[in-house]
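Below is one structure; the comments refer to it alone.
Any read-out appearing in this document is the output of simple, stated calculations on the displayed coordinates, not a laboratory observation. The structure presented is a predicted model; accordingly, all values stated were derived computationally and were not measured. Positions of Cβ are backbone-derived with ideal geometry, glycine not excepted, and every protein chain shown enters the neighbour counts.
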Amino acid sequence: MSDIPGDLRYTKSHEWVRQDDDDRVTVGITDHAQGALGELVYVELPEVGMELSAGDACAVVESVKAASDVYAPLEGVVVEVNDALADRPELVNEQPYDDGWIMRLEQVDEDELAGLLDADTYLETLEDE
Amino acid sequence: MAQRTPLFEQHQAAGARIVDFAGWEMPVRYGSQIDEHHAVRRDAGMFDVSHMTVVDLAGDRVREYLQYLLANDVGRLRTAGKALYTCMLNEDGGVIDDLIVYFLDDTHYRVVVNAATRDKDLAWIGEHAKVFGVGVTERDDLAMIAVQGPQARERAVGCLPPAIADAARDLKPFSAAAHGEVFVGRTGYTGEDGFEIILPGDDAPALWQALSAAGVTPCGLGARDTLRLEAGLNLYGQDMDESTSPLESGLGWTIAWEPVDRDFIGRQALEQQKADGAPYRFTGLLLEGRGVLRAHQTVITVDGEEGEITSGTFSPTLERSIALARVPVGTGERCEVEIRGRRLPVRCVRPPFVRNGEIKINLD
């Protein structure tokens, strides 16, 4: 069974969002997503400064088998990306909610954040898959 | 309704991630796909390939029939059990399938074709067999386990029925031995030594368990794909199909042009293509930097001409991305591949990338 921390927000496309500050969040992919993809061998990160709208394809995670898009869970500006993934893409597999984070966004809207899935609802979407 | 092999329960019990492959529920990996890959390169791994189609052919004119049906020449097979890799072509020289044919005796041959092409293969094989009075029997009662790796034969021999173990131990590459319905070939699809064992489906779970107990690692179709790509072995439907000839697919070596009076299906078209010069050639590619080459990405030559990647992946042995590609004949060593709008430098190399555990290309 995959790990779904209760203090995060989620999307149906398997991203997680952690609120770091009033208008700042960290984004990654869920434990379920990394498990389904298998070992990652390459992560293509967005550019710092990119302005994203919810649903924009903004990063790519590649396993041995296939490439998958990562989508922006909400509107915001990319202020930091996890450069460590260039050398160690497997961090996403090993610690999807910690050292395997993908990007940090600022200028996010708290209402939009509140509108994302909570852990229980995300779990239900997995059970429906 | 998806089909299952006799080993499906073993895969499920081992926690395999199951995917649909050509209508079959097959294990893509059990745990780490990369660890499974290394197990085959360094020790021994096993694959359930029971979804592949085994067909037995019998008749007084079966050799003459296969010499007409196949682009390689079964006339080269003179010892019982000897195997040959070949393409089966249409009249235009396009590849209907690639297959392995085993010579059993003067009136019996066995072929193993791809699962994804089963229906059209059986139709084509059957249509031409009628003309030669050859009997065609699909052996869907049989399972197949490939055991591959430097330690594969040693570990597998002890798991085989005693009546065939000695013969299996003594097998030369690309030949097979049989006892009853157990058929062992020293063949494979990984670039490593090993066996492909064909046996009654009912007996397959016990052999699988014995191999596992002997230290052979179960491996899924994921590792099978990275292993065959490193070994520079083509995959039907990706690297060649009915719209491409063996000459454009790196398979020219499988065409037996001699004897010149042997008429085989597709010969005329191939001779025409050879005379005209094929516009494309097949090559291996090594990505210089980070990223992953994938099928259908565009290759761009120094002159701005375009080719296409037919198979691409991350190579666990090289820890770099590699691919097979069809490129314009004039393509030099350096070219570029377009990945998501960016052009990345690649180098054309001659496959195999890896064979018998050794890196065969220059990585610098």
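A compact table of results
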{"item": "Conditions (1) over 11 Å from B:Glu230 (Cβ atoms); (2) touching a strand residue (DSSP E or B) at 6+ places or on another chain (Cβ under 8 Å); (3) hydrophobic (A, V, I, L, M, F, W, C); (4) surrounded by 17 or more Cβ atoms within 10 Å (Cβ to Cβ): number failed by B:Val329", "result": "(4)"}
{"item": "Condition check for B:Leu344: assigned to a loop (DSSP other than H, G, I, E, B), surrounded by fewer than 20 Cβ atoms within 10 Å (Cβ to Cβ) and either within 14 Å of chain A (Cβ to nearest Cβ) or of a type in the set (S, T, N, Q) (or both)", "result": "no"}
{"item": "Any hit, region A:92-110, residues being free of Cβ contacts under 8 Å to residues at least 60 places away in the same chain, over 18 Å from B:Phe314 (Cβ atoms) and assigned to a strand (DSSP E or B)", "result": "no"}
{"item": "Pairs with Cβ under 7 Å, 6+ apart, first in region B:27-53 and closer than 17 Å to B:Glu358 by Cα, second β-branched (Val, Ile, Thr) and part of a helix (DSSP H, G or I)", "result": "B:His37/B:Thr226"}
{"item": "Residues of region A:40-62 classified as closer than 17 Å to B:Ile34 by Cβ, within 10 Å of chain B (Cβ to nearest Cβ) and within 16 Å of the chain's Cα centre (by Cα), total", "result": "4"}
{"item": "Failed condition for B:Gly289, given (1) within 14 Å of chain A (Cβ to nearest Cβ); (2) under 22 Å from B:Lys120 (Cβ atoms)", "result": "(2)"}
{"item": "Matching residues in region B:185-209 - criterion: being in a strand (DSSP E or B) and either within 20 Å of B:Pro173 (Cα to Cα) or of a type in the set (Asp, Glu) (or both)", "result": "B:Gly185, B:Gly194, B:Phe195, B:Glu196, B:Ile197, B:Ile198, B:Leu199"}
{"item": "Filtered residues of region A:83-111 (kept if more than 15 Å from A:Val43 (Cα to Cα) and surrounded by 15 or more Cβ atoms within 10 Å (Cβ to Cβ))", "result": "A:Tyr97, A:Arg104, A:Leu105, A:Glu106, A:Val108"}
{"item": "Qualifying position, being farther than 21 Å from B:Arg29 by Cβ, surrounded by 15 or more Cβ atoms within 10 Å (Cβ to Cβ) and of a type in the set (S, T, N, Q), among A:Thr30, A:Thr11", "result": "A:Thr11"}
{"item": "When residues of region B:166-190 are limited to those that are closer than 19 Å to B:Gly201 by Cα and free of Cβ contacts under 8 Å to residues at least 60 places away in the same chain, the one surrounded by the most Cβ atoms within 10 Å (Cβ to Cβ)", "result": "B:Val184"}
{"item": "Top-ranked residue of region B:308-319 - restricted to ones that are surrounded by fewer than 19 Cβ atoms within 10 Å (Cβ to Cβ) and touching a residue at least 12 places away in the same chain (Cβ under 8 Å), ranked as nearest to A:Glu44 (Cα to Cα)", "result": "B:Leu318"}
{"item": "Residues located in region B:233-247, provided they are away from chain A (no Cβ under 14 Å) and more than 10 Å from the chain's Cα centre (by Cα)", "result": "B:Gly237, B:Asp239, B:Met240, B:Asp241, B:Glu242, B:Ser243, B:Thr244, B:Ser245, B:Pro246, B:Leu247"}
